[in-house]
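Taking it in order: structure first as structure tokens, then the write-up.
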Amino acid sequence: MNDEALFRQYRETGNIAVRNEIVEKYLYIAAVLAKKFVGRGVDYDDLYQVASLALIKGVDRFDERKGLKFSTFITPTITGEIKNYFRDRSRLVHLPRKVSELRVSIKREAEKYLAETGKNATAKELAARLGVSEEEVLRCSEAGGIVSLDGPVDREGENMSLYDVLPAEENVFEDVENRDAVRAALASLSEQERRLVKYRFGQELSQMETAKRMGVSQMNISRMERKILQKLRENLKKSMVE
């Protein structure tokens, strides 16, 4: 079965066995990219694990109907995840030990959940698996101030990420039509909403830090993010159809 047929089968059925077949076929890319980052204070095995998990997430997000080769799509995706890992790791050094350890446990458990189910775990699910409160999971996840395009940003199981509202092609910002569509969608936001996008996705501040700058509660920031992402998604869909 060729790649297009495999991806179509996985998209239509969600069969984990099919996903694993695709992952195994492209693990060599994860290995090659992981080796490029060796010598920066992290063991190859750890880098390979990060790259492999990025590959799994990439398979979930890839849409073969858009005519892009998966190898072209997944290379920058994995590279970005490895760079995020280094950034995350450097910030963990400055966090209290208890928070750092719980963040590591949260990340490990989230990766296990993704591998087992093919879905992102919610804060509530991670809390249950780790035997801690949902608030602890949320606080530790926010402590490093890291915002991933892949990571779910809501608290209620919708698993909506910034990737969900942006087109999947990696050259999206080089395409005038798509770039204009994104700009128009952002322009539809209120001044307060644009400030939130700037702080969270531009400056990569945590929800807590963003709340302090905007003079609202962290809960309000969480709710605003869900509304903003939904609004951007709807506006982008409309612009693409038009």
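A short reminder: the numbers here are calculations on the coordinates, not readings from a lab. Quantities reported herein were computed from a predicted structural model and do not represent experimental measurements. Positions of Cβ are backbone-derived with ideal geometry, glycine not excepted, and every protein chain shown enters the neighbour counts.
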Worksheet, complete the sentence: Protection proxy (average C-beta count within 10 Å per residue), highest first, orders 74-85, 104-115 as 74-85, 104-115
Practice prompt. Report ³J(HN,Hα) in whole Hz for each residue of the range 26-33, in order, from the Karplus equation J = 6.51 cos²θ - 1.76 cosθ + 1.60 where θ = phi - 60°; Gly and Pro get x.
Written response: 10, 4, 5, 5, 4, 5, 4, 5
Practice prompt. Would you please put 116-127, 51-62 in order of how densely packed they are, using the mean number of other Cβ atoms within 10 angstrom per residue and starting with the highest?
Written response: 51-62, 116-127
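Could you sort out which of K57/K227; K25/K198; K36/K227; K98/K227; K66/K119; K83/K124 sit more than 30 Å apart by Cα distance in this structure?
Those over the limit are K25/K198; K36/K227; K98/K227.
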Item to complete: Would you work out if the range 1-88 is rounded, prolate or oblate? Take a ≥ b ≥ c from the square roots of the eigenvalues of the alpha-carbon gyration tensor; rounded if a/c is under 1.5, else prolate when a/b is larger than b/c, oblate otherwise.
Response: prolate
